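Throughout, read-outs are computed from the coordinates displayed, never taken from laboratory work. Given the structure is predicted, the values throughout are model-derived calculations rather than measurements. Neighbour counts run over all protein chains shown; Cβ positions are idealised from the backbone, glycine included.
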Amino acid sequence: MPGLIPRLVTPGMPAGLAPAGRAATPLPLAFPNKQAAEALDYAVDFSAALADTGDSLSSFTVAISPATSPPLAETALPAPPPYATAAMAVFFLSGGLAGTEYTATVTALTAGGRTLQASIILYIPS
């Protein structure tokens, strides 16, 4: 599925990545760079966290930091795209200030009462 959309991240560390006897620190999640004039769709796939639970996302919010002028703004998609699943938070990001590194924190609530969260870095080059 990641081949379908280039702006998809999946929180969590793949099994077997940690060296034996050591705790591995996962790399921060990052979306590809975005130009300030672009409005693009982004997705966070929580399927690994929901595997074998029978649960699905019921809602999500996106918090952007830092606050800038012009702002990096999140807006809802008018309809779920064809690649979206019940475990994906999909949204538009538009605008932003050139030369700024943003953090988009996605907090998802599930039908079964779980709360999932992922923070993703997004850089807007100069």
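Some points to look at:
- Residues whose amide H lies under 5 Å from that of LEU97, counting only those 5 or more places away or on a different chain, are LEU72; hydrogens are built 1.01 Å from N in the peptide plane.
- Our coupling estimate for segment 115-122, obtained by passing each phi through the Karplus curve with A = 6.51, B = -1.76, C = 1.60 and θ = phi - 60°, is 10, 10, 9, 9, 10, 10, 8, 9 Hz, Gly and Pro reported as x.
- Cut-off 15 Å between beta-carbons: net charge of the residues surrounding SER126, Lys and Arg +1, Asp and Glu -1: -1
- Taking amide hydrogens as placed 1.01 Å from N in the peptide plane, the amide H of SER56 sits under 5 Å from those of ALA111, GLY112, each at least 5 positions away in sequence or on another chain.
- Inter-label distance for THR61 and ALA48, nm, one decimal - labels placed 7 Å from Cα along Cα-to-Cβ: 2.6 nm
- For the pair PHE92 and THR68, label points projected 7 Å from Cα toward Cβ lie 2.0 nm apart.
- Largest first and in whole Å, the equivalent-ellipsoid semi-axes of segment 29-124 read 25, 13, 11, each the square root of five times a Cα gyration tensor eigenvalue.
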